[in-house]
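Visitor: For reference, the structure I am asking about is given below.
The values are calculated or read from the model by the stated rules, or taken from the named source; none is laboratory data. Since this is a predicted model, take the numbers as computed values, not measurements. Cβ sites come from the backbone with ideal geometry, for glycine too, and all protein chains shown count toward neighbours.
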Amino acid sequence: MGAQFGVNDADWKTIDGECGPGERILWVGRPRPIRMLLRDTTALWTTALSLVSLLVMVFILNWMYGSVSLNVQMGNMPTPFSSLFSLVLVGALAFNLVPLALVVFQGGRTVYAITGQRVLIVTLPALWWGQSVQTFTAEDMGGLTRTTLADGSGDLVFGSEVYSVRGRSGRRMRTRKIGFWGVPDVIQVEQMLLTTFKHLDR
């Protein structure tokens with residue numbers, strides 16, 4: 001077995017429980033949860049633009065309220081309007097931030113593994129979901145793309161998947177990257193993938 005890269009014994013037992021007879025575990029690791037946000041850059045940019053628009057709206061309303069207060073010589077907004085605005089603001093922030101927070105939380109419940117036969121991405125049970133397991137064999141993986149950070153950690157992308165989201169105009173299809181996100185010693189993990197799955201050579 002390879003080095004543990006900061007995982008615990010329970011993670012190894014989880015992966016071992018998913019392996020078949022004679023399947024050898026080569027590596028087990030965990031992602032840096034915040035890096036999981038980069039799986040879907042379209043959704044990330046859409047959320048960022050929504051938050052910027054929300055901040056601009058808050059600035060404009062504050063500026064308008066300041067002008068009205070000066071003209072009518074009132075120190076505060078009427079309580080009902082102020083409460084309603086606060087409620088709308090909190091709701092808008094939650095609408096934009098909760099999905100991102102869930103992705104990060106899910107990243108903290110994710111375990112990666114490389115065996116002699118396949119790659120496993122296991123999401124451990126929490127809240128309302130049970131344990132889910134994604135399996136990728138040599139036929140499922142395409143080219144390998146590595147991003148290396150200054151501390152030696154990084155991302156390894158070896159595929160993509162298409163999923164649907166519901167929007168104002170109906171359901172839309174999006175593409176999400178598949179790989180290992182924010183793993184320590186990413187170059188060593190990359191070499192292990194290249195050795196195990198020869199066709200990934202770039």
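Visitor: Would you mind stating whether Gln191 is under 16 Å from the mean Cα position of the chain (by Cα) and either of a type in the set (S, T, N, Q) or modelled with pLDDT under 90 (or both)?
Guide: Judged against the criteria, Gln191 is not a match.
Every residue, every condition in (1) touching a helix residue (DSSP H, G or I) at 6+ places or on another chain (Cβ under 8 Å); (2) of a type in the set (A, V, I, L, M); (3) at pLDDT 80 or above, yes or no:
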residue: Val122; (1), (2), (3): yes, yes, yes
residue: Glu139; (1), (2), (3): no, no, yes
residue: Leu144; (1), (2), (3): yes, yes, yes
residue: Thr148; (1), (2), (3): yes, no, yes
residue: Glu161; (1), (2), (3): no, no, no
residue: Gly182; (1), (2), (3): yes, no, yes
residue: Val186; (1), (2), (3): no, yes, yes
residue: His199; (1), (2), (3): yes, no, no
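Visitor: Which residue out of Gly20, Gly6, Gly2 is out of contact with any Gly (no Cβ under 7 Å at 6 or more places or on another chain), at pLDDT below 70, in a loop (DSSP other than H, G, I, E, B) and closer than 24 Å to Gly159 by Cβ?
Guide: Testing whether each residue is out of contact with any Gly (no Cβ under 7 Å at 6 or more places or on another chain), at pLDDT below 70, in a loop (DSSP other than H, G, I, E, B) and closer than 24 Å to Gly159 by Cβ leaves just Gly2.
Visitor: Shifting gears a bit: Quick check on Asp155: is it acidic (Asp, Glu), in the same structural domain as Lys13 (by TED's automatic domain parsing), in contact (Cβ under 8 Å) with a residue 40 or more places away in the chain and outside any helix (DSSP H, G or I)?
Guide: Yes.
Visitor: Go through segment 11-37 and report how many residues are aromatic (Phe, Trp, Tyr) and more than 21 Å from Phe197 (Cα to Cα).
Guide: The qualifying residues number 1.
Visitor: Mind checking which residues of segment 26-40 are under 12 Å from Val183 (Cβ atoms) and assigned to a strand (DSSP E or B)?
Guide: Trp27, Val28, Gly29
Visitor: Let me ask something else about it. All but one of (1) outside any helix (DSSP H, G or I); (2) within 14 Å of the chain's Cα centre (by Cα) hold for Gly143; which doesn't?
Guide: Every condition holds for Gly143 apart from (2).
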